[in-house]
Amino acid sequence: MLLTQRSAERLRRKEHERSDRHRLEDREHARDNQLLEGRRASYARTNAAARTARDALVSCRIELHETGRIEPGTYATLDSAWAAYVSQHAEAHMTVSDEVLDALGSVNGSLRQMYGLVQRLRRGTPDREDSMRELETRTGELWDRLTRLRDEMRKDLGVTSSTRHPDLP
């Protein structure tokens, strides 16, 4: 009888431990899913904000090239896109993986350089032609950097297992 009671107690303990382990695994799985969904949402916002900022900068470059100036509406669009990008970039620093952070830093550097060139050109600069050429060059480089950023984000999310790294200078 005592042996039967001990055996039953051991079985109850093992079942309790197994149940606790499953609850813990379920909580960890839910937490991991929540983190992944948060990262996915942050990546989508960051990608969209960077591309919107790029589009606004390109619109400014086109107007500068065609008319020599930036229309107030175009500049207002740039201001709005830039503010949204800067805010999203700051948030991304708290959620992205190290690999994505490296790619994001590259994109951020290009966007900031382009933004500075547009500001200089808007105010008027004695080396306008050089600045316009540099802006054109940086625009081309930015496309590759944005592609790399998107690929690193997709890899980090498990959407793809490889990244296509464009040749970056």
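The values are calculated or read from the model by the stated rules, or taken from the named source; none is laboratory data. Everything numeric in this text was worked out from a predicted model, so none of it was measured. Methodologically, a virtual Cβ is constructed for each residue, glycine included, from the backbone with ideal geometry; neighbour enumeration extends over all protein chains shown. We work out accessible area using only protein heavy atoms, side chains counted, and drop any ligands, DNA or RNA first. Shrake-Rupley method; radii C 1.70, N 1.55, O 1.52, S 1.80 Å.
Looking only at the range 53-62, which residues are free of Cβ contacts under 8 Å to residues at least 24 places away in the same chain and either crowded, with 19+ Cβ neighbours inside 10 Å or assigned to a loop (DSSP other than H, G, I, E, B) (or both)? Give the derivation first.
The initial filter retains those residues of the range 53-62 that are free of Cβ contacts under 8 Å to residues at least 24 places away in the same chain, namely 59, 62.
SER59 - this is the single residue of the range 53-62 that is free of Cβ contacts under 8 Å to residues at least 24 places away in the same chain and either crowded, with 19+ Cβ neighbours inside 10 Å or assigned to a loop (DSSP other than H, G, I, E, B) (or both).
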From THR125, THR67, residue being at pLDDT below 95, open to solvent by 50 Å² or more (accessible area, probe 1.4 Å) and of a type in the set (Val, Ile, Thr): THR67
Index of the failed condition, THR74 passing every other in (1) of a type outside the set (Phe, Trp, Tyr); (2) at pLDDT 90 or above; (3) open to solvent by 30 Å² or more (accessible area, probe 1.4 Å): (3)
Residue within the range 34-52 that is over 29 Å from the mean Cα position of the chain (by Cα) and assigned to a helix (DSSP H, G or I) present: no
Hits in the range 63-103 (condition: under 24 Å from GLY124 (Cβ atoms) and either within 10 Å of the chain's Cα centre (by Cα) or not in a helix (DSSP H, G or I) (or both)): GLY68, ARG69, ILE70, GLU71
Verdict on ARG12 being open to solvent by 40 Å² or more (accessible area, probe 1.4 Å), more than 28 Å from ASP156 (Cβ to Cβ) and not in a helix (DSSP H, G or I): no
Selection status of ARG120, open to solvent by 50 Å² or more (accessible area, probe 1.4 Å), closer than 20 Å to THR46 by Cβ, assigned to a helix (DSSP H, G or I) and not aromatic (Phe, Trp, Tyr): no
The range 128-144, subset touching a Ser or Thr at 6+ places or on another chain (Cβ under 7 Å) and of a type outside the set (A, V, I, L, M, F, W, C), residue least open to solvent (accessible area, probe 1.4 Å): SER131
